[in-house]
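Asker: Sharing a structure with you now.
The values are calculated or read from the model by the stated rules, or taken from the named source; none is laboratory data. Quantities reported herein were computed from a predicted structural model and do not represent experimental measurements. Positions of Cβ are generated from backbone atoms using ideal geometry, with glycine treated the same way; all protein chains shown enter the neighbour counts. For accessibility, only protein heavy atoms count, side chains too; no ligands or nucleic acids. Shrake-Rupley method; radii C 1.70, N 1.55, O 1.52, S 1.80 Å.
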Amino acid sequence: MRQKLVLIGNGMAGMRTVEELLKQDSDLYEITVFGDEPHGNYNRILLSPLLSGEKSLDDIMLNRTEWYAQNGITLNTGKRIESIDRKRRVVIASDGAETPYDRLILATGSRPFVIPIPGKDLPGVISFRDIHDVEAMLESSRTGKHAVVIGGGLLGLEAANGLMKQGMDVTVVHLLDTLMERQLDKPAATLLKASLEARGLRFLMQARTEAFVGEDRVTAVRFEDGHEVPADLVVMAVGIRPNTELATRAGLYCERGVVVDDTLQTYDPRIYAVGECVQHRGETYGLVAPLFEQARVCANHLAQYGIARYEGSVTSTKLKVTGIDLFSAGDFSGGDGAEEIVMQDAAGGVYKKLVLRDNRIEGAVLYGDTVEGAWYFQLMREETDISDFRDRILFGRHHLGDSGHGGQNQAVLMANDAQVCDCNGVCKGDIVNAITQKGLFTLDDVKTHTKASASCGSCTGLVEQILASTLGGDYESPEHKPMCKCIDLTHDQVRAAIRDQHLKSVRSAMDFMEWKTPDGCAACRPALNYYLISTWPEEAADEYQSRFINERAHANIQKDGTYSVVPRIFGGETSPAQLRALAEVAEKYDVPTVKITGGQRIDMLGLRKEQLPGIWGDLAAAGFVSGHAYGKAMRTVKTCVGSQWCRFGVQDSTRMGIELEKLTWGSWTPHKFKLAVSGCPRNCAEATIKDFGVVAIDSGWELHVGGNGGVKVRATDLLCRVETETEVLEYCGAFMQVYREEARYLERTAPWVERVGLSYVKQRVVEDEIGRKALFRRFLDSQEIYQFDPWEQRARGVDEHEFTVMRQVGG
Ligand SMILES: Cc1cc2nc3c(=O)[nH]c(=O)nc-3n(C[C@H](O)[C@H](O)[C@H](O)COP(=O)(O)OP(=O)(O)OC[C@H]3O[C@@H](n4cnc5c(N)ncnc54)[C@H](O)[C@@H]3O)c2cc1C
Ligand code: SF4
């Protein structure tokens, strides 16, 4: 018999827990949900756009009542749970009905704080919490003219903006002299106030409310100095308190909120609590991102996996008032030992402040230009050392060239039909619709539903911006997200487990980490396989089934289903004999297109899969090996003619390129990896947009890292200068090895260098000589195992089934 799970609170955190649980195990529990609101589950964040008329009720529903039925969940709407009998393990509803539970989740949210002053119970005095409140506000806006909002925080301003949009004359009353004092410093708050005033809002700052005046209904607000402001509607938005009533009555330990541990269990282990009603490690939260993190961990435990832990969250805020860009995160108050970087353009309406401690971001306030908010937030959460780009940090993510997006990276300004994901042809409008209609919150959700950012990933930043600007509030940063839906651990945690537990096969890794799906998915299998072979090159078996089609077929699949074959041409230098051999093979197989690639090689396009082993055999016989043009691997070393032929060349770049390619070919990397060598600083081989670039100088060689010529062009960072060719090879191998060992799968060197910081890379590869030599040694050891020609093997019959045509059945 299935266990009984009861959820009290049909809101955002509770239902998210249930959704996560269904994803992990839909059969374990018989689920019953109680909600005292008369609706299915809706997106509370979007109440502000509902009030302002930018969204309809339909737009904000997350799960309709049919959804509950389809998932076998018993939903009780409009039903309040009055008490919990923990001894008998039953919950008791307001109508006296009892429902038994084996496990119980409390997700009762918060209650708006009501200032205890005369007139607080008059009709027309309301708070801003649920659909009912919005309906009351809309009703008042139809009949009344004057609205007073008490509280100049996030919620108060959103309410005021919405009511103004509904045609009311709105006054915001705030106790302090700055708006949103918990999120903004004075300069930003001043800009915000000016901008809201220009739109028509009125403010009464440092004003103490004494009473709400009226007989049958509120008519005015009176202040301590005796003056009155007319009011047909008063909205109180002065804060929230965790709703702990039920928990306290049930004898559960509560302080400000229901106290839970890192597994979201209360003092009664059968009872979990998630959401705004919770107090975890002394903190309570009033934004969805942390609540969703809690939901995931809670679901993991309910599904009996038991490995996830919730360790608290750092939050960020955005104001959802269309046309006002405001972002705030962390602690921006500064204080001892903190430094500030500030940019202020009052006339242009732009203000940016970062608070740093030990070169790490501690807080951020952005007004007027919030494009980089998500990036600063990520740097803050990851505690990245920003000293390498401190001088440029306020000007934005300097590596983003945004080619292909017309230089426009402000998601907010993009037209709905502007294409965001070029790989999958997804427009901004598709993404916004999916987010609002399907109730998406995370990058992964958007990937699954729209395919945006699901291929090359270069539009990820843009998709995140769209998420942030559409949701207004916070959304989950992918960096702290689980590797995929099959596991709650992050890439880094999975990798650490492989290392620490000496796991050597996909199966043993999945078993040890309690994978939630029996065989993983297309996202985790290739990543796991890569982590295994890069951690234990001598011991882990490379799994054929865990590779993408290109790597399984050792050739690049093209849009018509045929394959292309690119033999390696070391350093781009060829000979008449090689060219003749290639021409003969191309003629023999009737290759439709022969093309010189951007990486100085020759591509033979249009081959059928079953032709591949034959062509590879002939190429091997002519002395060629695979160019790995299909793999998350070292691809190519581009060179110029250098001192051998060029009048300007100061070193022999072609020979250097050949040496580098001989050293590195055949190595698997987290993503594709490209090199180039230029014979002088004129840089004809474009070495400064490669993962590893070498530029010859009079005294030796300049080594560059982290370049990328893709959709987001990024120029390299200078790693160091060296004198000898031997050093170039050693530094290159060491750099590749630290990237191979530490970057996340599908993370190119550009974002990896950004994430870990150039100083870190320099420390590992340049400053620590012993460490560098050890890295290089590990690189060479791994090459001894992996530097073989997969084509030659396949031509001999390895994985033959992959290239055998399936027999056609029937006509
Ligand atoms: C207008 C508004 C705008 C917001 N904007 C943002 C934003 O931009 N970004 C952001 O991150 N967050 C925002 N928030 C906050 C966010 O909505 C909350 O953090 C989130 O909804 C809390 O989720 P929860 O499940 O803990 O509580 P809720 O979503 O409030 O759900 C709790 C539910 O439990 C029900 N309940 C309580 N007691 C009982 C009982 N005894 N029996 C049955 N049912 C019960 C309540 O009626 C409620 O439906 C906003 C909130 C509001 C009100
Ligand atoms: S980079 Fe310098 S050496 Fe190489 S081709 Fe250009 S000018 Fe000549």
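Asker: Using Stokes-Einstein with the Kirkwood hydrodynamic radius over Cα pairs, what translational diffusion coefficient do you get for the range 9-110 at 20 °C and a viscosity of 1.002 mPa s, in µm²/s rounded to a whole number?
Answerer: 146
Asker: So between ASP781 and ARG64, what do we pick up on full extension, going 0.36 nm a residue minus the alpha carbon distance? Mind showing how you got there, number by number?
Answerer: Numbers: separation 717, 0.36 × 717 = 258.12 nm, distance 5.75 nm.
So the extension gain works out to 252.4 nm.
Asker: Label-point separation (nm) for VAL114 and TYR253, each offset 7 Å from Cα along Cα-to-Cβ?
Answerer: Between VAL114 and TYR253, the label points sit 3.2 nm apart.
Asker: DSSP beta bridges in the chain, what fraction antiparallel, as a percent rounded to 5?
Answerer: Bridges in the chain that DSSP calls antiparallel: roughly 60 percent.
Asker: Another one. I need the phi-derived Karplus couplings for the range 506-514: 6.51 cos²θ - 1.76 cosθ + 1.60, θ = phi - 60°, integer Hz, Gly and Pro marked x.
Answerer: My calculation for the range 506-514 gives 4, 4, 5, 5, 5, 5, 5, 8, 6 Hz in order.
Asker: Related question: Can you show me the helix-derived [θ] at 222 nm for the chain, built from DSSP H runs with n ≥ 4 at -39,500 (n - 2.57) apiece and divided by the number of residues, rounded to the nearest 500.
Answerer: It lands at -9000 deg cm²/dmol.
Asker: Next up: Read phi for every residue in the range 554-559 and hand back ³J(HN,Hα) as whole Hz from Karplus 6.51 cos²θ - 1.76 cosθ + 1.60, θ = phi - 60°, with x for Gly and Pro.
Answerer: Karplus-based 3J(HN,Hα) across the range 554-559 equals 6, 7, 8, 6, 9, 5 Hz.
Asker: I've got another one for you. For SER140, SER333, give me the order by solvent-accessible area with a 1.4 Å probe, most accessible first, ignoring ligands, DNA and RNA.
Answerer: Numbers: SER140 10, SER333 85 Å².
My answer, sorted largest first, is SER333, SER140.
Asker: Sticking with this one: Accessible area per residue for the chain in Å², computed with a 1.4 Å probe and the full protein assembly in place, what is it?
Answerer: Accessible area per residue: 42 Å².
Asker: In nm, what is the difference between 0.36 nm times the number of residues separating THR490 and ILE596 and their Cα-Cα distance?
Answerer: Details: separation 106, 0.36 × 106 = 38.16 nm, distance 4.02 nm.
This chain segment gains 34.1 nm when fully extended.
Asker: Distance between Cα centroids, the range 260-319 to the range 116-179: provide it in whole Å.
Answerer: Value for the Cα centre distance between the two parts: 31 Å.
Asker: Here's a follow-up. Convert each backbone phi in the range 632-641 into a coupling constant with the Karplus relation 6.51 cos²θ - 1.76 cosθ + 1.60 (shift: θ = phi - 60°), then list the ³J(HN,Hα) values in order as whole Hz, x for Gly and Pro.
Answerer: Values per residue, Gly and Pro as x: 7, 7, 5, 8, 8, 10, 8, 9, 9, 7 Hz.
Asker: A further question on this structure: Would you mind checking the pairs LYS55/LYS165; LYS447/LYS674; LYS451/LYS712 and listing those with alpha carbons more than 24 angstrom apart?
Answerer: Over 24 Å Cα-Cα: LYS447/LYS674.
Asker: Okay, moving on. Shape call for the range 31-77 from the C-alpha gyration tensor, a ≥ b ≥ c root eigenvalues: rounded (a/c under 1.5), prolate (a/b greater than b/c) or oblate? Present the calculation step by step, with values, prior to reporting the outcome.
Answerer: On the way: a/c = 3.50, a/b = 2.24, b/c = 1.57.
Here the range 31-77 falls in the prolate category.
Asker: Relative contact order of the chain: what whole-number percent is it, with Cα pairs under 8 angstrom and at least 6 residues apart? Don't skip to the end; give the middle numbers.
Answerer: Details: 1659 pairs, mean separation 62.3, N = 811.
With pairs under 8 Å counted, the relative contact order is 8 percent.
Asker: If you roll a 1.4 angstrom probe over the protein chains with everything in place, what fraction of the accessible area of the chain belongs to carbon and sulfur, to the nearest %? Could you put the intermediate results ahead of the total?
Answerer: On the way: 16310 of 33750 Å².
The computed percentage sits at 48.
Asker: Using a simple charge model, +1 on the beta-carbon of Lys and Arg, -1 on the beta-carbon of Asp and Glu, nothing else, what dipole does the chain show about its Cα centre, in debye to the nearest 20?
Answerer: 1100
Asker: So, in Å, what gap is there between the alpha-carbon centers of the range 653-667 and the range 509-524?
Answerer: 37
Asker: Put a dot 7 Å past each Cα toward the Cβ at GLU610 and LYS145; how far apart are the dots in nm?
Answerer: 8.5
Asker: Taking 0.36 nm per intervening residue step and subtracting the Cα-Cα distance, what contour gain separates ALA97 from ASP385 on full extension?
Answerer: 98.0 nm
Asker: Also, I was wondering about something else. Within straight cross-link reach of LYS4, meaning Cα distance under 27 Å, which lysines are found once same-chain residues fewer than 8 apart are removed?
Answerer: LYS23, LYS79, LYS87, LYS485, LYS516
Asker: On to the next question. On average over all directions, what projected area in square nanometres does the chain have, based on the convex hull of its Cα atoms?
Answerer: 40.9
Asker: Take SER26 and THR448, extend 7 Å from each Cα along the Cα→Cβ direction, and tell me the distance between the two endpoints in nm.
Answerer: Once both label points are built, they end up 1.1 nm from each other.
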